[in-house]
Amino acid sequence: MIDDTIAALVREDAESRREALVALCTDLVAARSVNPPGDTRDVARVVLNAITALGQSASLVHAIEEMPSVVARLDSGRPGRHLVLNVHLDTMPPGDEDAWSVPIWNLTRRDGRLWGLGMGNMKGAVAAMVHALGMLADRRDSWAGSITFTAVSDEVVFGPHGAAHLLATLPGLLGDGMICGEGAGFRRLAIGEKGVLWLELRASGDAGHSSSVLPGRSASARIARAITAVDSLTASGQLPADLVIADPERALALTANVGTVVAGTFIGQVATDAVAAVDLRLPPGITVDHAQELVEAAIASVDREPSVTVRRIKGWDPAVTDPASALVSSWERAEAAAGEHPAPFAVRLPASDASRWRSAGTDAICFGPQPTLSAGIDDYADEDEVVRCAMLYTLTALDFLSSERTDAADVTPATHG
């Protein structure tokens, strides 16, 4: 339980760490970790050293040498819930470097903002969560159970060498709840994420010289009809009625993007083969199987032959944490105790590692200092938001791990491997 005194002390503690948070952000931005190629050795060492400087121990875990993740564990010595704190170390590429107005690899502190590659996505959250871990270690007598901190590699391409490797090799890492530092933008709390379905559409056509083509029978014409039908699926589907979430970015609609189309070999010949790759993003309530059925039905409605096949490349279902879950309730109590306005709920459009925990049945939430929907040119985080996130992560953990909120039916053994 968070009382006003504890909330005030944590708020003061987070504020007292402002300069240390900025210094850590400086080191994190300078440690290049663009993915691809995804080399996180330098940035992992920065995080490892920061945790050590706070008086805690941590270790590097890797599937391949170039992509280490950082793992740190805190145990209260008392039975209770197991909470996972998760951030990622890799960043998106900078894009056109000439378009940046600030140095990419050097932190710029200006106008209340911290600028530099990865600050929004998500080195600001890394710094905030490292210091939250330090504040929780200092208050070990105030909570029960255990905490595992994971700063992972290979997240921005949703690769296999980061969180996926940790979950496969560290027993008990699923825990009872997970807080991910991935920001949903605009100070929103992400309680869910859309699913993803990648499909390959392939059309065949009759061979011949272009002068002999018949209407609608070339592979090019057939794939064109198919992708038009699939494109029409965008904006179908909606969130289940029991989840009321503001949707300014159409996060709750199914979207179908035709990413690539390749057809034919020469302008003077009838195309005998055509391929399109389609990326569908699925709102809660639409599974990958259902989405593929929608695609196949849409194509069948315009493809009487049939001449277009559908092959699944990869996909995973959307996942949502119950807004009434213990973890979300702890977040809400932390906000209230800190005197913060409640963060509106959101469903993230891109995937984060939180989806790996949700798909395995662990409640997960995402919140971080990313100011907008995604990082881009002149990436930044608001300095106050980095401090605020450190406070909110700490208060949420203190509430979630409070012995007063833990009973025998709600506790799993604190096993970490």
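The values are calculated or read from the model by the stated rules, or taken from the named source; none is laboratory data. A quick note: this is a predicted structure, and the numbers were derived from the prediction, not measured. In this analysis, Cβ positions are derived from the backbone assuming ideal geometry, glycine residues included, and neighbour counts consider all displayed protein chains.
For the stretch 358-407, name all the residues that are of a type in the set (Val, Ile, Thr), crowded, with 19+ Cβ neighbours inside 10 Å, over 18 Å from the mean Cα position of the chain (by Cα) and assigned to a loop (DSSP other than H, G, I, E, B).
Within the stretch 358-407, just 406 meets the criteria.
Among the listed residues 301, 307, identify the single one that is over 26 Å from residue 235 (Cβ atoms) and more than 21 Å from the chain's Cα centre (by Cα).
Numbers: 301 fails: over 26 Å from residue 235 (Cβ atoms).
None of the others qualify; the one that does is 307.
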Counted residues, the stretch 306-338 - those being in contact (Cβ under 8 Å) with a residue 24 or more places away in the chain, farther than 15 Å from residue 178 by Cα and outside any strand (DSSP E or B): 8
Matching residues, the stretch 283-305, being over 16 Å from residue 258 (Cβ atoms) and outside any helix (DSSP H, G or I): 283, 284, 285, 286, 287, 301, 304, 305
Meets criteria (at pLDDT 90 or above and either surrounded by fewer than 18 Cβ atoms within 10 Å (Cβ to Cβ) or over 29 Å from residue 342 (Cβ atoms) (or both)) for residue 249: no
Check on residue 338, surrounded by fewer than 23 Cβ atoms within 10 Å (Cβ to Cβ), under 30 Å from residue 12 (Cβ atoms) and hydrophobic (A, V, I, L, M, F, W, C): yes
Of all residues making up the stretch 288-335, the number that are farther than 17 Å from residue 364 by Cα, surrounded by fewer than 20 Cβ atoms within 10 Å (Cβ to Cβ), in contact with a strand residue (DSSP E or B) (Cβ under 7 Å, 6 or more places away or on another chain) and not basic (Lys, Arg): 6
The stretch 182-192 - residue that is in a loop (DSSP other than H, G, I, E, B) and hydrophobic (A, V, I, L, M, F, W, C) and, of those, nearest to the chain's Cα centre (by Cα): 184
Breaking point among (1) closer than 25 Å to residue 151 by Cα; (2) crowded, with 19+ Cβ neighbours inside 10 Å; (3) at pLDDT 95 or above, for residue 355: (3)
So residue 179, is it more than 23 Å from residue 384 (Cβ to Cβ) and not in a loop (DSSP other than H, G, I, E, B): no
Qualifying residue in the stretch 162-171 (condition: more than 26 Å from residue 348 (Cβ to Cβ), part of a loop (DSSP other than H, G, I, E, B) and in contact (Cβ under 8 Å) with a residue 40 or more places away in the chain): yes
Any hit, the stretch 129-146, residues being crowded, with 24+ Cβ neighbours inside 10 Å and assigned to a strand (DSSP E or B): yes
